[in-house]
Structure formats: C-alpha cells, structure tokens
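*Asks:* Once you've had a glance at the structure underneath, I'll fire off some questions.
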Amino acid sequence: MDTLSVAAARMELAIGKQAMLQGWVRTRRDSKAGFSFLELNDGSCLANIQIICDGDLENYETEVKKLSAGCSVSVSGEVKPSGGKGQATELHAARVTVHGWADPEQYPLQKKRHSFEKLREWAHLRPRTNTFGAVARVRNTISRSIHNYFQEQEFLYVNTPIITASDCEGAGEMFRVTTLDLEQLAKKETTVNYAFDFFDRPAYLTVSGQLEGEIYATALGKIYTFGPTFRAENSNTSRHLAEFWMVEPEVAFAELPQNMDLAEGLIKRIFGDVLNVSSEDIQFFNDRIDKTVIETLERICNSQFERISYSEAINLLGQAETKFEFEPVWGQDLQSEHERYLTEDAIGRPVIVTDYPSTIKPFYMRLSDDEKTVAAMDVLVPKVGEIVGGSQREDRLDVLSHRMQQQDLDPEAYWWYLDLRRFGSVPHAGFGLGLERIVQFTTGMANIRDVIPFPRTPGSAEF
Ligand code: 4AD
Ligand code: MG
C-alpha cells in the first residue's frame, strides 16, 4: 500500500487506490448514523482531506470517537470519490492508528481563531495553522524559484561565511561572536584582550555575504549567495528582523543597467512561479489576508519597473501634496514614508531608484563622474518599500581607498578586498534581495515576524 500525501490523495487520479495517510486531525464530527468524519491535514497542501470512519472499526468507540484537534494519526483505507463540495475525493478508513493525543483542555489550537500576535507566542505550534502552513509553503516556492532563476543562467551558488571580521555595510550594526567570558570581564573591568578570544580578533555575525561574493565573482564570473544575515539595528518595525535571509548575486563584467535587469527579472520570476506553483495558497492569502494580492502579482509580472534617479525622486517628493513627517531633502536618506509615496502614489508600481548621494551609501558603491552620486539601485515596492538594495561596485583602487578613509574604515583591514582591485580588476555589480520582504509582499502578510519561522527581533528570541 502506498503512503500518500493529502495533496496527492485529494486528486481524482488517486480514486480507487488503497493508501495510507499520516497527519494531524483538524476536526472530528460524529453522525447520528454511527460513523464519524475526520478532517486530516499533513501540511502538503492547504486543504484537509475528509476521512470516513465507520462504526465497525476495531477501535471506533475506544479511540476514534475520542480524537480531537491536534491528535496525530495514520489512516489506511480506500480513496473514493466524494459527494462533498470542494473535494473530489475522501478516504474510507479500514484502520486508524493513533500516535499521539492532544488534550482538548490544553491544546491551544482549537476552533477559535487566534491573532497573529498571540500565535507568535506559540511559534512551536503555529505552523499547524492554515496561515502559517501556507506561508511556509510559499516561502519554499520562492526559495526554489530563486535557485532555479540563477542556476538556469549558470550562476554558481557560493556559500559565504556567517562569522566575519569585516563590516560590509560599514554601519556598525553587528552582533559580536566571542568565547570570552563576559561575566569575568565585567568583574575585572579590564580592557578586552582579543589575543584570548577564539579568533584572536574581534569577530561578528555577517550583515551581508557581498564582499566574499565579490571575491568569487572576480574569479568565476557569475555567482550568488543565499543565506542568513544578521543586523543588530534596534528597529522594531514590521519590516525589520535581526536575523533574515538574503540572496546576493554578484556579476563580473556587469554595470548598473544589467544589475537592474537581473533584479527585475528575479522578482518577476518569483511572482510568476508563486502564481503557478502555489496557486491554492495564494488564493487563500487573497481571500483572507489581502484582497489585492493576486491582481498585484499578475500586474507586476506584466509591467516594466519604473526607473528614476534619486534626484528625480526628490523632485517628485517635493511636488507631492502629501504631508511627510520628514521633509525630503537632497542628501538625506529616503524615509519609508517617501519610498511608499513613490511606489504607491506617484508611480503605482515597482520603482528602481538609482544614483543616490555618495554620502548616504556604503564605501563599495561606484562613484559616478559627477563625484556626488554613486551607481546605487534600490527596488521599491508598494507597502513593503525597499525590497532590493544593490550597486555597481567601485573597481578603481585609488577611489575605493579614498572612499574607505572618508567613511572611517581602515583600508589595511580590507587588504584582501583591495587586492581584487590590484589584480585583474573588472567592472562588476550585484544586489541583495531580502527573502522575508519578498515573502511579505507575495503573501500580503503585514508583519515580517509572521513570514519567518522563528523571528529574532529586539528583546525576542524564545524559540
Ligand atoms: O540594502 P542592504 O543593506 O544591502 C546589502 O546588504 C548589500 N550588501 C547587498 C548587496 O549588494 N549584495 O540589504 C539588502 C536587502 C534590503 O533591500 C532588504 O530587502 C533586506 O536586505 N534587509 C532586511 N530584511 C529584513 N530585516 C532587516 N533588518 C533587513 N535589512 C535589509
Ligand atoms: Mg538598503
């Protein structure tokens, strides 16, 4: 007998098969005629499968009639056509094995719907709900889509380190990695001697794999990294996490326009794949979370992203009738209210903003001929704001060293990064796409804490 997923057993193709299904009971309903219906979910799809348990099952009175939400079971029997609406098939049980009970007095996920805030306290149980199951499946579809997009274009997947000594973004928002005994240090009040620390130097969790990505791109051409990154920024917003996943392609012999095409292509590919592969889940998000999700994804797949310079963006913001909390001024970073105005009100679709002032962007971005701006690009989307940040890289040794000094970074400490400009330097470009931001946009989920399995935010790392 085959073990089938609920997704497979729900297909008409499965009718007539003897099969075993394994999962968690969502509900049990008893009919007066002496048999019971179970709704079973195993996470393979959003929908449950209905299971008919006849009264003559060996353990009908002793076990089946005591099943409740959350109990785990294996059920074998025959897949038959179903008369019920919204389902082509159902399983007629010949045998029900109970693996684990879930006391209805204690199991929190009963009929009542809980708020997403409440469910964050139960991060160990929330994947058993419809919403979090759907988020997990869409996140998986997006990850696969990212790999496919780059692999099909012959990018090499490179694993960059998680522990690092350098601050890629130069913003000092890094978590320390140490084996020093902080409590002993606190007692002694001495200065820290890194000779006693694990790496003989200060070490951190990486904020980005870019610098190491550049090393591989300037040897192997087209690469991408895809992994966890960490930011110790104290921003308690619905779009920031302390630990998030980023995909970072890096391409040798490429300039800003190709970089923009690559990012636009990636985002459209992801939306197209999600609409195709995860249609049931996306319909759920459209029905329950955000009524515009499907229409928005389809529209973006079929439209060109607008491309404007930072200076044009500042002009648009200056002409806006909206009252902003922060006045838009040339030379200041765009606030999220500005980003949202540009993409939601002024333009109404994704926007790529380029050529930011050099003073508000990291040292590695290529200085333009005007010597005031850098070849930067941010992709902005409605509601979420910035979803991609990237640039053409500074490939000239002298300019790069100078930019580092301007930003109080010691070029000596980045000697290996500068070597890439000493030996066979090439124009190159890349970007970072935040995985959670794109999952958020795709699903319409309002808070980034609800699109990563175990969110890390200031003051919160329970699970
Ligand atoms: O714009 P960022 O900081 O760019 C970089 O780190 C570059 N080194 C990338 C590169 O060029 N290879 O971050 C890139 C993206 C952002 O656009 C956003 O989507 C996401 O990473 N991101 C965050 N996502 C969740 N929580 C945070 N705290 C994030 N910070 C950035
Ligand atoms: Mg950025």
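*Asks:* Can you give the FRET efficiency for Lys66 and Ala186, using 1/(1 + (r/R0)^6), R0 = 60 Å, r = Cβ-Cβ distance, to the nearest 0.05? It would help to have the intermediate numbers written out before the result.
*Replies:* Working: r = 55 Å, r/R0 = 0.91.
Efficiency, rounded to the nearest 0.05: 0.65.
*Asks:* Using Cα centres only, tell me the gap between the stretch 31-91 and the stretch 173-189 in whole Å.
*Replies:* 56
*Asks:* Another question about this same structure. Within 10 Å, at most 12 other Cβ atoms, and a DSSP state outside H, G, I, E, B define an exposed site. Report the longest part of the chain free of exposed trypsin sites (Lys or Arg not before Pro).
*Replies:* By the stated rule (loop sites, at most 12 other Cβ atoms within 10 Å), 114-290.
*Asks:* Report the extension gain between Ile360 and Asn276 in nm, rounded to one decimal, defined as 0.36 nm multiplied by the number of residues separating them, less their alpha carbon distance.
*Replies:* Numbers: separation 84, 0.36 × 84 = 30.24 nm, distance 3.93 nm.
Here the answer is 26.3 nm.
*Asks:* Full-extension gain between Phe199 and Arg396, please, as 0.36 nm times their residue separation minus the C-alpha to C-alpha distance.
*Replies:* On the way: separation 197, 0.36 × 197 = 70.92 nm, distance 3.09 nm.
Taking 0.36 nm per residue and subtracting the Cα distance, the gain is 67.8 nm.
*Asks:* What residue among Gly227, Leu241, Gly265 has its Cα farthest toward the positive end of the dipole of the stretch 226-266, where the charges are +1 on Lys, Arg and -1 on Asp, Glu, each on the Cβ?
*Replies:* Among Gly227, Leu241, Gly265, the one farthest towards the positive end of the dipole of the stretch 226-266 is Leu241.
*Asks:* Still on this structure: Can you check what the net charge comes to around Trp416, using other residues whose Cβ is under 12 Å from the Cβ of Trp416 (Lys, Arg +1; Asp, Glu -1)?
*Replies:* Neighbourhood net charge equals -2.
*Asks:* Nothing charged except the Cβ atoms of Lys and Arg (+1) and of Asp and Glu (-1): what's the magnitude of the dipole of the chain about its Cα centre? Round to the nearest 20 debye.
*Replies:* It comes to approximately 1680 debye.
*Asks:* Could you work out how far apart the two model spin labels at Thr178 and Ala88 are, taking each label as a point 7 Å from the Cα in the direction of the beta carbon, and quote it in nm?
*Replies:* 6.1
*Asks:* Full extension from Glu325 to Glu344: what is 0.36 nm times the residue separation minus their Cα-Cα distance, to one decimal in nm?
*Replies:* Working: separation 19, 0.36 × 19 = 6.84 nm, distance 1.70 nm.
Result for the pair: 5.1 nm of gain on full extension.
*Asks:* Taking square-rooted eigenvalues a ≥ b ≥ c of the alpha carbon gyration tensor, is the chain rounded, prolate or oblate, where a/c under 1.5 means rounded and, failing that, a/b exceeding b/c means prolate?
*Replies:* Note, shape of the chain comes out prolate.
*Asks:* Excluding residues fewer than 8 places away in the same chain, name every one of the aspartates and glutamates whose C-alpha is closer than 18 Å to that of Lys112.
*Replies:* Glu39, Asp103, Glu121
*Asks:* Using R₀ = 56 Å, calculate the FRET efficiency as 1/(1 + (r/R₀)^6) where r is the Cβ-Cβ separation of Lys111 and Leu13; round to 0.05.
*Replies:* Calculated value: 0.95.
*Asks:* Of the GluC sites (Glu not before Pro) in the stretch 284-341, which ones lie in a loop per DSSP and count no more than 10 other C-beta atoms within 10 Å?
*Replies:* Loop-located and lightly packed - Glu321, Glu325.
*Asks:* Right, here's the next one. Which of Thr129, Leu342, Val251 sits closest to the plus end of the dipole of the chain, meaning its Cα is farthest towards the positive end, when Lys and Arg get +1 and Asp and Glu get -1 on the C-beta?
*Replies:* About the Cα centre, the residue reaching furthest to the positive side is Thr129.
*Asks:* Continuing with this model, one more query. If you take the beta carbon distance between Met1 and Ala33 as r and set R0 to 22 Å, what does 1/(1 + (r/R0)^6) give as a FRET efficiency, to the nearest 0.05?
*Replies:* Using R0 = 22 Å, I get an efficiency of 0.20.
*Asks:* Note down the nm distance, to one decimal, between modelled labels 7 Å out along Cα→Cβ at Leu156 and at Ser74.
*Replies:* Using points 7 Å along Cα→Cβ, the separation is 4.6 nm.
*Asks:* Right, another one. Give me the distance in nm between label points sitting 7 Å out from Cα along the Cα-to-Cβ direction at Leu125 and Asp370, one decimal.
*Replies:* Output for this residue pair reads 5.7 nm.
*Asks:* Loop-only chymotrypsin sites (Phe, Trp or Tyr not before Pro) in the stretch 329-393, please: DSSP not H, G, I, E or B, and at most 16 other Cβ atoms within 10 Å.
*Replies:* Hits after loop and neighbour filter: Trp330.
*Asks:* What percent do you get for the relative contact order of the chain when only Cα pairs under 8 Å and 6+ apart count?
*Replies:* It rounds to 13 percent for the chain.
*Asks:* Oh, and also: Please give every one of the lysines within straight-line cross-link reach of Lys383, meaning a C-alpha to C-alpha distance under 22 Å, and leave out same-chain neighbours fewer than 8 residues apart.
*Replies:* Lys268, Lys291, Lys323
*Asks:* Starting from the Cα gyration tensor of the stretch 250-367, take the square roots of the eigenvalues, sort them a ≥ b ≥ c, and report rounded, prolate or oblate (rounded when a/c is under 1.5, otherwise prolate if a/b is larger than b/c, else oblate). Provide the component values of the computation, followed by the final result.
*Replies:* Working: a/c = 2.60, a/b = 1.36, b/c = 1.92.
Cα axes put the stretch 250-367 in the oblate bin.
*Asks:* Here's something else I'd like to know. Counting only helical runs of four or more DSSP H residues, what would the 222 nm mean residue ellipticity of the chain come to if each run contributes -39,500 (n - 2.57) and the total is spread over all its residues?
*Replies:* -8500 deg cm²/dmol
*Asks:* With a cut-off of 8 Å between alpha carbons and a minimum separation of six or more residues, what is the relative contact order of the stretch 345-392 in percent?
*Replies:* Value for the stretch 345-392: 36 percent.
Every read-out reported here was derived from the displayed coordinates using simple, explicitly stated rules and does not represent laboratory data. On a predicted model such as this, the values are computed, not experimentally measured, just so you know. A quick note on method: Cβ atoms are made from the backbone with ideal geometry, for glycine too, and the neighbour counts reach across all protein chains shown.
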